[in-house]
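These notes are about the structure you will find just below.
Bear in mind that the values in this text are calculations on the coordinates, not laboratory data. All values derive from a computational prediction rather than experimental measurement. With ideal geometry, Cβ positions are generated from the backbone for all residues, glycine too; neighbour counts draw on all protein chains shown.
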């Protein structure tokens with residue numbers, strides 16, 4: 001079955017090695033890769049020893065027409081996600097879209113609606129949901145071990161410097177990226193939404209650009225969130241940490257449980273306290289302790305496995321387009337609250353990163 005799925009990758013930049021490695025690990029038939037920069041493709045061909053049967057394209061529309069892939073991963077700059085996704089859906093391709101799914105509510109809705117109309121699967125690439133530590137925590141949430149959930153916090157304390165932004169001029173722009181929250185922090189924002197269980201209904205936030213005068217968007221965001229069940233969330237995200245990435249942590253505080261996940265990309269359970277005492281805390285912390293080589297973690301491969309199975313069994317992927325929209329909506333609500341200086345109610349009618357042009 002997997003060899004019968006013709007796979008193509010659009011975008012061969014910073015995150016593309018994780019996609020190619022996941023495709024190879026899942027024994028997919030890699031039909032083509034595409035990038036407007038031929039050097040990026042040649043680099044990946046050499047690095048992953050891709051066979052000569054893999055075609056290289058600088059025009060993704062030509063690739064779709066000639067190669068007829070069944071599954072496409074989109075790993076371009078964020079501002080291009082929606083346009084490319086809609087073209088792929090019209091070509092009957094199932095999709096894995098790197099986060100964020102889009103940069104506006106309207107574009108996210110268009111992707112969701114088109115996928116339903118064409119009957120294809122769309123997965124938003126929030127790969128940290130597949131971390132072993134996160135899966136263990138999610139199991140506790142689903143079994144009700146926390147009791148009433150009080151609040152959760154997501155902290156992303158990272159560093160991005162001129163070398164990072166200078167390497168790709170689209171980074172930090174409202175049209176193609178957004179700031180720290182949209183690019184670096186949306187994974188943990190997704191996890192906080194997911195774990196709290198109920199949809200967010202109100203956000204109050206501050207954002208600022210403290211240390212990156214050469215980008216358009218924020219490098220710091222701080223937000224308070226109120227969920228539909230009366231629980232709360234706290235979000236702190238920044239790329240201002242000196243001199244390098246410090247941590248990405250997720251805390252959950254409930255009536256009968258307290259959990260902390262940390263490490264480079266929430267890959268480590270650091271605290272595990274439950275009143276039911278059905279598992280040993282030291283044993284859990286020992287078993288659910290991964291050490292990924294970078295902040296991207298190990299989640300791409302199991303995410304690909306899940307998407308392949310969703311195609312084969314005609315079910316929804318574990319991480320859906322709707323999940324991607326909810327994470328996007330949270331970030332846009334933070335941007336809107338900070339710009340207006342007041343709380344913002346959710347759901348949003350329609351907001352785009354372009355609404356904040358000139359904010360700083």
Angle, helix 300-313 long axis vs. longest principal axis of the chain, Cα atoms, 0 to 90°, nearest 10? 70 degrees
Here, residue 208 and residue 83, labelled 7 Å along Cα→Cβ, have an inter-label distance in nm of 3.6 nm
Base-10 log of normalised Debye intensity for the range 313-357 (one unit scatterer per alpha-carbon) at q = 0.19, 0.27 Å⁻¹: -0.61, -0.98
What does the convex hull of the alpha-carbon atoms of the range 200-283 project to on average, in nm²? 7.5 nm²
On each of the three principal axes of the Cα atoms of the range 107-208, give max minus min coordinate, whole Å, ordered largest first. 46, 40, 30
What length, rounded to one decimal in nm, is gained on full extension from residue 117 through to residue 350, with 0.36 nm per residue of separation minus their alpha-carbon distance? 81.7 nm
Compute the acute angle (0 to 90°) between the alpha-carbon long axis of helix 321-340 and the principal axis of greatest extent of the alpha-carbon atoms of the chain; round to the nearest 10°. 60 degrees
Could you work out how far helix 16-25 tilts from the main Cα principal axis of the chain, as a 0 to 90 degree angle to the nearest 10? 80 degrees
Given 37 °C and 0.692 mPa s, compute D for the range 1-143 with the Stokes-Einstein relation, Rh being the Kirkwood radius over Cα pairs; round to the nearest whole µm²/s. 209 µm²/s
Separation of the residue 229 and residue 287 label points, Cα + 7 Å toward Cβ, nm: 2.4 nm
Give me the compactness ratio for the range 125-168, meaning the Cα radius of gyration over 2.2 N^0.38 Å. 1.76
Hull-based mean projected area of the range 134-278, where the convex hull spans the alpha carbons, in square nanometres: 8.9 nm²
For the chain, what is the Kirkwood estimate of the hydrodynamic radius, computed as the reciprocal of the mean inverse distance between distinct Cα atoms, to one decimal in Å? 20.8 Å
Efficiency by 1/(1 + (r/R0)^6): what FRET value for residue 50 and residue 242, r their Cβ-Cβ distance, R0 = 45 Å, to the nearest 0.05? 0.70
What ratio of Cα Rg to 2.2 N^0.38 Å holds for the range 258-360? 1.49
Any idea what Rg and Dmax come out to for the range 65-151 if you just take the C-alpha atoms, in Å? 16.3, 54
Using the Kirkwood formula on alpha carbons, the hydrodynamic radius of the range 240-315 in angstrom works out to 14.7 Å
